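**Q** Next up is a structure, given as structure tokens.
The values are calculated or read from the model by the stated rules, or taken from the named source; none is laboratory data. The shown structure was predicted, so the numbers you read here are calculated from the model rather than taken from an experiment. Counting neighbours? That spans all protein chains shown, and the Cβs are built from the backbone with ideal geometry, glycine included. For accessibility, only protein heavy atoms count, side chains too; no ligands or nucleic acids. Shrake-Rupley method; radii C 1.70, N 1.55, O 1.52, S 1.80 Å.
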Amino acid sequence: CLVPFDEVPITTRDEFLACKPSLPFGQVPCLEIDGAKLAQTQAVLRYLAGKKRLRGSTLKAEATADMVVNAIFDARHPLITARFQPNFSLDEFRSTTFPRFAR
């Protein structure tokens with residue numbers, strides 16, 4: 001079920017600035033596939049899921065898949081941004097944020 005890919009790491013600011021004009025919205029991640037350049041993580045994930053027929057066979061199934069993906073992103077967001085939050089508490093995340101999505 002895998003989609004083969006070549007990863008091109010960008011490890012410096014200069015590397016990013018050099019390729020930024022060719023990136024959709026000037027952002028990474030960027031997936032080049034089937035003649036298209038796709039940015040935005042969720043758009044990339046939806047494309048790959050559709051390519052592998054994992055999105056569902058009905059609108060309801062597609063919406064359910066999107067709902068789950070969005071809930072995962074919502075649950076991850078506090079962890080991703082935690083290093084920028086001076087008062088972030090992992091215990092608070094475990095007791096309040098995570099349980100909302102673990103139902």
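**Q** Restricting to region 1-53, and then to whatever is aromatic (F, W, Y) and within 25 Å of V69 (Cα to Cα), can you tell me which residue is modelled with the lowest pLDDT?
**A** F5
Here's the yes/no breakdown for (1) touching a helix residue (DSSP H, G or I) at 6+ places or on another chain (Cβ under 7 Å); (2) among the hydroxyl-bearing types (S, T, Y):
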{"residue": "T11", "(1), (2)": "no, yes"}
{"residue": "P29", "(1), (2)": "yes, no"}
{"residue": "V44", "(1), (2)": "no, no"}
{"residue": "S57", "(1), (2)": "no, yes"}
{"residue": "D74", "(1), (2)": "yes, no"}
{"residue": "T81", "(1), (2)": "no, yes"}
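**Q** Report those helices (runs of 4 or more DSSP H) wholly inside region 16-103 carrying at least 2 residues which are within 18 Å of L2 (Cα to Cα) and open to solvent by 50 Å² or more (accessible area, probe 1.4 Å).
**A** Result: 41-51.
**Q** I'd like to know if region 68-88 contains one or more residues that are free of Cβ contacts under 8 Å to residues at least 40 places away in the same chain and at positive phi.
**A** Looking through region 68-88, none of the residues is free of Cβ contacts under 8 Å to residues at least 40 places away in the same chain and at positive phi.
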